[in-house]
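For reference, the structure discussed in these notes is given below.
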Amino acid sequence: MIPANVLTDAFRNLWDGFVERLPSLVAGLGVLILFYLFSRAVRLLVRRSIARVKAQAHAAQVVSRLVSLAVMVVGVMVSLGVMGINPGALVASLGLVSVGIGFALKDVIENFLAGITIILQRPFIIGDAVRFGDVEGVVEDVRVRDTVIRMYDGRKVFVPNRSLFSGVVINSTVNRRRRLDFRVGIAYRADPARAAGLAAEALQGVRGVLDDPPPLVVVEELGESSVNLRAYFWLDPTTTNPLEVRSEAVTAVKEGLEKEGFSIPYPVVTVQSGT
């Protein structure tokens, strides 16, 4: 059993050492606080400077964060030196630990690097309508780890940037022109050329349908009970809702054809009785 006086002397020596090093610890903490405030100021300054050259907002955000992080790393090293701790020896002693942490954070690091690449290359930005596999919606945020997509049914999806970087992403907004189409059937006895012309004319009057390129309606195929036409038209997805424009386009073509006497036939089924 350890004598009580030995424990008392050990605690007294520990306390004396703490009191002796207290000024350097306080000074190191003060240096760290100053570097933190300085890093915040540098971050704001860098973001404003990049914004003046009309760079993308997320690119400015990432660069400013990286610069702020670099300042904080320098601040930690300086504060450790003020506290009397050798930063080099500390880093060397943590070498093996850092290797283990690196393997544990492999996915995080990959997502971080992919996020920086996406932000700098800008395959999509906030507000773009994108589709990635089964996920389709509007980009709400592009972060260094993941991308937030709000689907059209209101759900939010957090997609890891590594998956976006290595997968196929369809951007429906970037070109400001998107083509939609739908099929409409007419009776076999009707004139398909005249029906196609009337359908194209009806599309030209739909709000949101672009005049250039103009709407196009072609005869697509001879169906089982109708001659099928395919209507093509273009819109600007940044100023209109594609679903609403498509709905109005289908309605306009239907009403335009019916007004001119064209009927949309139902499927015909012939039933023959056995003999």
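Tabulated data
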read-out	value
Cα gyration tensor, region 154-275 - rounded (a/c under 1.5), prolate or oblate	oblate
FRET efficiency estimate (nearest 0.05) - Cβ-Cβ, residue 193 to residue 266, R0 30 angstrom	0.80
For region 196-273, size of Cβ-based charge dipole, Lys and Arg +1, Asp and Glu -1, in debye	140
Chain lengthening between residue 34 and residue 70 when straightened (0.36 nm per residue, less Cα-Cα)	11.5 nm
Residue 212/residue 108 FRET efficiency (R0 41 Å; Cβ-Cβ; nearest 0.05)	0.30
Charge dipole magnitude, Cβ of K and R +1, D and E -1 - region 131-275, Cα centre, debye nearest 20	520
Stretchable slack from residue 153 to residue 224, in nm (0.36 nm times residue separation minus alpha-carbon distance)	22.0 nm
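Values in this text are rule-based calculations from the coordinates and carry no lab data. Keep in mind that this is a model prediction, so the values were computed, not measured. Positions of Cβ are generated from backbone atoms using ideal geometry, with glycine treated the same way; all protein chains shown enter the neighbour counts.
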